[in-house]
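This report concerns only the one structure given below.
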Amino acid sequence: MLFSFSRCIVCPALPISLSPCRATQAPRSADLLPPRASAATHHAVERPSPLARLPPRSSASTAGEDRVLQMSSTVPKSSNIFWHDCPVGKTDRQKLLKQKGCVVWITGLSGSGKSTLACTLGRELHTRGKLAYVLDGDNLRHGLNKDLGFAAEDRAENIRRVGEVAKLFADAGLLCIASFISPYRRDRESCRALLSDGSFIEVFLNMSLELCEARDPKGLYKLARAGKIKGFTGIDDPYEAPLNCEIEIKELDGVCPSPSDMTKQVVAYLEDKGFLHE
Ligand SMILES: Nc1ncnc2c1ncn2[C@@H]1O[C@H](COP(=O)(O)OS(=O)(=O)O)[C@@H](OP(=O)(O)O)[C@H]1O
Ligand SMILES: Nc1ncnc2c1ncn2[C@@H]1O[C@H](COP(=O)(O)OP(=O)(O)O)[C@@H](O)[C@H]1O
């Protein structure tokens with residue numbers, strides 16, 4: 001896989017650092033939104049973002065804005081490149097698989113049940129003889145995205161890469177299940193824009209912070225409350241709720257639907273929209 005990089009700094013005494021990034025958008029106050037400026041202070045505990053090493057281009061703009069503009073990896077940096085079509089296309093693969101490629105994008109707070117839904121849904125689709133593949137935030141941060149932290153621009157780059165990978169999977173004819181906090185609306189919308197034919201299905205796990213924090217299976221909320229993790233989504237970092245998602249799954253009176261009920265809701269949508277047939 002190729003990524004484009006817009007700028008590098010070469011210092012004889014240091015390793016070369018190359019990093020892309022993309023713009024993010026201001027948060028909404030109703031959505032657990034501490035000031036966006038907190039993104040700049042994320043690194044008290046985690047290692048510094050590779051993106052943060054790049055200096056701004058002009059002193060007039062803010063460092064974050066300028067870096068995002070100058071490094072936008074959605075702008076191709078290569079020249080003399082040509083699209084190469086292959087004789088076997090998406091339609092052929094979909095016929096073979098008897099399904100239609102799509103991306104089921106699950107977004108929500110840490111602890112909202114994203115991974116649980118992704119796995120339960122993946123299992124249900126598999127049982128139905130459908131080829132699905134789960135891309136999970138924690139997992140991809142062990143490999144493809146291991147150079148990224150949790151500053152806003154790192155999260156944006158994380159989601160940009162995943163969006164591109166998910167698009168390839170959908171093109172391969174798979175039912176791609178992406179499970180990421182993906183806290184910024186703009187980043188999610190960029191992924192949606194990669195799939196223009198209604199095959200981006202955004203699933204919002206609309207669980208309250210109280211519920212997620214009570215679950216806290218990894219103890220991360222406790223650490224964030226104790227100030228041991230900075231920039232934790234929902235505590236001192238924003239989460240921008242979707243405005244027009246395809247599926248919203250909510251708790252009712254503090255009770256969350258079971259994984260099986262959530263899965264049924266998503267499968268019913270996929271069935272209704274024809275993704276489970278060629
Ligand atoms: N600062 C901070 N904020 C939020 N989450 C954190 C943070 N640090 C580590 N983690 C762990 O990383 C998991 C989220 O990774 P994602 O790739 O989904 O995040 S993002 O979409 O780029 O925001 C998330 O996994 P889930 O709990 O499954 O959501 C956490 O385990
Ligand atoms: N629908 C649900 N009902 C009850 N508990 C759930 C449900 N979904 C997830 N959980 C539990 O909540 C915790 C967080 O779920 P997880 O899938 O890891 O969330 P996320 O991936 O969003 O961080 C886990 O302990 C999981 O077993």
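Considering only protein heavy atoms and a probe of 1.4 Å, how much of the accessible area of region 90-272 is carbon and sulfur, as a whole percent?
54 percent
Check Ala178: other-chain or 5+ apart residues with amide H under 5 Å from its amide H, H built from backbone geometry?
The list, which skips near neighbours in sequence, is Val104, Trp105, Ile106, Leu135.
Pairs Lys130/Lys273; Lys98/Lys130; Lys98/Lys264; Lys90/Lys130; Lys130/Lys264: which are spaced more than 18 Å apart, C-alpha to C-alpha?
Checking Cα-Cα distances, Lys98/Lys264 exceed 18 Å.
Heavy-atom accessible area per residue, region 191-278, 1.4 Å probe: how many Å²?
50 Å²
Which far-off residues, 5 or more places away or on another chain, put their amide H under 5 Å from the one on Leu131, with H placed in the peptide plane?
Excluding prolines and chain starts, which carry no amide H, the hits are Leu175.
Excluding residues on the same chain fewer than 8 positions from Lys218, give the lysines whose Cα lies under 25 Å from its Cα.
Within reach: Lys114, Lys146, Lys228, Lys230, Lys250.
Gap in Å between the Cα centre of region 157-221 and the Cα centre of region 260-278?
Measuring centre to centre over Cα atoms gives 17 Å.
Restricting to bridges with both residues inside region 90-272, how much of the DSSP beta-bridge set is antiparallel, in percent to the nearest 5?
Counting DSSP beta bridges with both partners in region 90-272, the antiparallel share is about 5 percent.
The values are calculated or read from the model by the stated rules, or taken from the named source; none is laboratory data. It should be emphasised that the depicted structure is a prediction, and the values quoted were computed from it without experimental measurement. With ligands, DNA and RNA removed, areas are computed over all heavy atoms of the protein, side chains included. Shrake-Rupley method; radii C 1.70, N 1.55, O 1.52, S 1.80 Å.
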